[in-house]
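Only one structure is covered here, and it is reproduced in the block below.
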Amino acid sequence: MTSSRSFSFIKQLVPPIFLTLLKKAGKYGWSGDYKNWQEAKELTDSYDDSVILDKVKNALLKVRNGEAVYERDSVLFNEIQYSWPLLSALMWIAVKNNGTLRVADFGGSLGSSYFQNRKFLAGVSALQWNIIEQENFVVCGQKYFQDDFLHFFYTPEQMVSMQGLPDLLILSCVLPYLEKPYEMLLRLMQYKIPYILVDNTYFNYEPRDRICIQLVPPEIYKGSYPCWMLNYDTVKKTLSDTYALISEHQNDSFIFLDGKKIQYRGLLYKIKE
């Protein structure tokens, strides 16, 4: 799906649990300013992808089976922590489409956002939730989670050929973990999906793109990896070539970089007519 083989695993380790541990140990988190992705990658550790996949699978199976309420970052919670901008966009688009909602969730793991919002999605008369993921996530998703509403695909091309064009593309904390985020964004924009939502994503506090290394607390998982602190205005400009901005928002999550607090943010766009 992408040259950044491990982004789907990495995004499982971001807030809220990551931030809780980050407060306890200041040496963990985001740091550095590297010339390119390869330079940062050479300074990072290796880790076992299967361990994280198993953690996410086991947690979401409990959610699916009604044994737990909510999963995030492979951790189970007693109450659902909603991304209200995401839920608002889902419901708004469903209403505009007379009860029909077809979603493309790029890097959507095993369906975390789907299960997070399924109580509200139950009111959608015609629902299709398509996740585009890496091979091992797709294989696992198809085996354990796929049903009449939730489907898993290896590439955007496969999803579109089998399910048709979706109404909404969700990019939830995915872009920072792609080696070439703008290339992927432009590739996805070529499909001219009616709406694109960038949600729950951190951006650089400076007006430039920056490559950092994220060091994960060992309580979650022992590992480190490169990631982008993208320029918010550059992402907006890239999208604005084809899409019109509907809204901007801030999420509850945040990180620290260079001692500065960075709030997670998001954008909702509609295709230009």
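The values are calculated or read from the model by the stated rules, or taken from the named source; none is laboratory data. Remember, predicted model here, so these are calculated numbers, not experimental data. Cβ: placed from backbone, ideal geometry, glycine included. Neighbour counts: every protein chain shown. Remember, those area values only see protein heavy atoms, side chains included, never the ligands or the DNA or RNA. Shrake-Rupley method; radii C 1.70, N 1.55, O 1.52, S 1.80 Å.
Calculated on C-alpha atoms, the gyration radius of the chain divided by its Kirkwood radius gives an Rg/Rh of 0.93.
Distance from the C-alpha centroid of segment 67-115 to that of segment 228-264: 20 Å, rounded to the whole angstrom.
As a fraction of the 1.4 Å probe accessible area of the chain, surface on carbon and sulfur atoms comes out at 49 percent. The stretch between Arg208 and Val139, if pulled fully straight at 0.36 nm per residue, gains 21.1 nm over its current Cα-Cα span. Could you tell me whether segment 78-167 comes out rounded, prolate or oblate from its Cα gyration tensor? Rule is a ≥ b ≥ c as square roots of the eigenvalues, rounded for a/c under 1.5, then prolate if a/b exceeds b/c, otherwise oblate. It is oblate, given that a/c is not under 1.5 and a/b is not larger than b/c.
A Gaussian network model of the chain, with springs between Cα atoms under 10 Å, assigns the largest mean-square fluctuation among Cys140, Cys173, Cys212 to Cys140.
Computed packing ranks the peptides 237-243, 255-261, 89-95 as 89-95, 237-243, 255-261, most packed first, by mean other Cβ atoms within 10 Å. The length gained on full extension between Asp233 and Val69, counted as 0.36 nm times the residue separation minus their Cα-Cα distance, comes to 55.4 nm. With all protein chains kept in place, the per residue accessible area of the chain amounts to 44 square angstrom at a probe of 1.4 angstrom. Pairs of alpha carbons in segment 47-119 separated by more than 16 Å make up 54% of all such pairs.
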